[in-house]
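Here is the structure we will look at, set down as structure tokens.
The values are calculated or read from the model by the stated rules, or taken from the named source; none is laboratory data. In this text, all values refer to a predicted model and were calculated from it rather than measured experimentally. No Cβ is skipped: glycine too gets one built from the backbone with ideal geometry, and neighbour counts run over all protein chains shown. All accessible areas refer to the heavy atoms of the entire protein, side chains included, with ligands and DNA or RNA removed. Shrake-Rupley method; radii C 1.70, N 1.55, O 1.52, S 1.80 Å.
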Amino acid sequence: MFLLAPTVLIVLFGGGILDHYVKRKTEQAFDKAYPGSVLRIGRLDYSLSAHRLIAQSVTLSATNSTLKVGRISVLGLRWAGLLWGTPALADVLAKANLDATNLDLEFPQTHYGIRCARLQSSVPRSELIAEGTELRTLGGDEEFFAAHDYRTTRFHLIIPECRVLGLEYGELFAAKSYRAGSIQLLRPSFDALVDLDKPADPFQKSPLMVNEALAAIRQPLQVDSLSTTDGSVRYGERLVPGVAPGMLTFGAIDMTIDGIANRGESAIVLRATGNFMDAGPFNFLMAIPITPADLSLRYSGSLGAMNLTNLDAFLAVDPRTRIRSGTVKEAAFDINVTAGQARGHVRASYQNLEIALLDQKTGAENGFDDRIDSFVANALKIRSANAPNALGLSKEGAVSYIRKPADEFQEFLWFALRTGVLDIISH
């Protein structure tokens, strides 16, 4: 008979019990279990028959982070398990569906935050859907860079829609593994900006490479495939604060990554297509072995015809250099990385390449010295064309680059490729 008492109380006075006694006890238990953290829950409502619990707001404050969530609705909770015992989380949520809005997670020490307009989770359907997700700095670029004494990279990621299908919630709740069938990203955009006006931090720990980040995950990780549709990437470098940085852009990216894992002997394979600088179509392929602890991978790609003056958007970071003319018919590269050392080659067929050295103050090629410098650079340093000769041969650019401690992963890929590009256009 005494077992029916909690049920009767919940049915008759459930709203008041949840919104006062249960909520207060939950907050106190959390604060005690996690010293330095504070949990605060807004008004609680529930429907026993519909198995629905609604919190109008949730705020979780920790030493280095703060999470704020708007309305949270959980449907399909197993109330019997909560009333009569202390079952495993996976059992309580086995039929649960969650709908949360306006999630805002901030990390003041790193000057970053994550926002999500809506998060939907369905355990029975093994899916997770996030809408309007954004990783951004807590302030503007100038404020972010001013908070660092040494060179750093600012990241900005926007994912309008993300769908995770085939998610193994049981293993996730039990902290046994992270497994999913597929992740689909719609129109994601990634932006990275480096402030080259500052020196590199001599004491900075090396940024994690892909293999290191995977190895740092203790539980098994497995995602069969990740795909993006109509994505974009921007990589920028700036030399002077407040002045527009030089930008490399990649648009209309369709990408698939197969075999994402941190266990096993296979490789993670990335394939992508898109356009470069809104001008030339490109293809990209990269394979990253899972097992090696050091930085080892292979990547290759090709670029279609484009006008090389489109690269001035990136060369704007150098106030003295512009491309006066030049077209590339086709280009390709193949680079192998072993233990952080990149070796490979770049092939390109181009013509009429001329550069201009500009006046640093006026930004124009109107001085006699500037014209002389441009002539010398084009005549003695720059190969104006690269095409097969009578023997069908043309110059190849040699790739040779060793990872530096401060290199981010995407920077390493570009710096290695750049050595081959510079080699092929130089006498």
Using r as the Cβ-Cβ distance of Ala29 and Leu135, and R0 as 30 Å, what FRET efficiency do you calculate, to the nearest 0.05? 0.40
Under a plain spin-label model, where a point goes 7 Å from the Cα along Cα-to-Cβ, how far apart in nm are Arg234 and Ser302? 3.0 nm
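For the range 80-229, with every protein chain kept in place, what is the accessible area per residue (1.4 Å probe, Å²)?
54 Å²
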Cβ-based net charge around Phe30, under 12 Å, with every Lys or Arg adding one and every Asp or Glu removing one: +3
Is the shape of the range 119-277 rounded, prolate or oblate, going by the alpha carbon gyration tensor and its root eigenvalues a ≥ b ≥ c, with a/c under 1.5 for rounded and a/b larger than b/c for prolate? prolate
Linear extension gain, Leu285 paired with Ser394, 0.36 nm per residue minus alpha-carbon span: 36.8 nm
List the trypsin sites (Lys or Arg not before Pro) within the range 185-240 that fall in a DSSP loop (any state other than H, G, I, E or B) and whose Cβ has at most 11 other Cβ atoms within 10 Å. Lys205, Arg218
Which lysines, on any chain, are close to Lys23 with Cα under 30 Å apart, when same-chain ones fewer than 8 places away are left out? Lys32, Lys68, Lys95, Lys176
Net +/- balance of residues flanking Ala100 in space, Cβ distance below 12 Å, scoring K and R +1, D and E -1: 0
Give, in nm to one decimal, the length gained when the segment between Ala339 and His51 is fully stretched (0.36 nm per residue of separation minus the Cα-Cα distance). 98.2 nm
Take the alpha-carbon centre of the range 135-200, take the same for the range 411-427, and report the distance between them in whole Å. 27 Å
For Ala147, residues with placed amide H under 5 Å, excluding near neighbours: none
What is the calculated FRET efficiency for Lys95 to Arg383, with r their C-beta to C-beta distance and R₀ = 56 Å, to the nearest 0.05? 0.25
Karplus 3J(HN,Hα) series, Hz, for the range 183-192 with 6.51 cos²θ - 1.76 cosθ + 1.60 (x for Gly, Pro): 10, 10, 10, 9, 6, x, 10, 10, 10, 10
Check cross-link reach from Lys404 to the lysines: straight Cα distance under 21 Å, and skip same-chain residues fewer than eight apart. Lys198, Lys205
Can you compute the equivalent ellipsoid semi-axes for the range 220-345, i.e. the square root of 5 times each eigenvalue of the Cα gyration tensor, sorted largest first and rounded to whole Å? 31, 17, 16
Neighbourhood charge, 10 Å Cβ-Cβ cut-off, centred on Asp230 and excluding it, Lys, Arg +1 and Asp, Glu -1: 0
Using DSSP to define loop residues, name the GluC sites (Glu not before Pro) in the range 237-330 whose beta-carbon has at most 12 other beta-carbon atoms within 10 Å. Glu265
Which number do you get for Rg(Cα) / (2.2 N^0.38 Å) in the range 81-193? 1.34
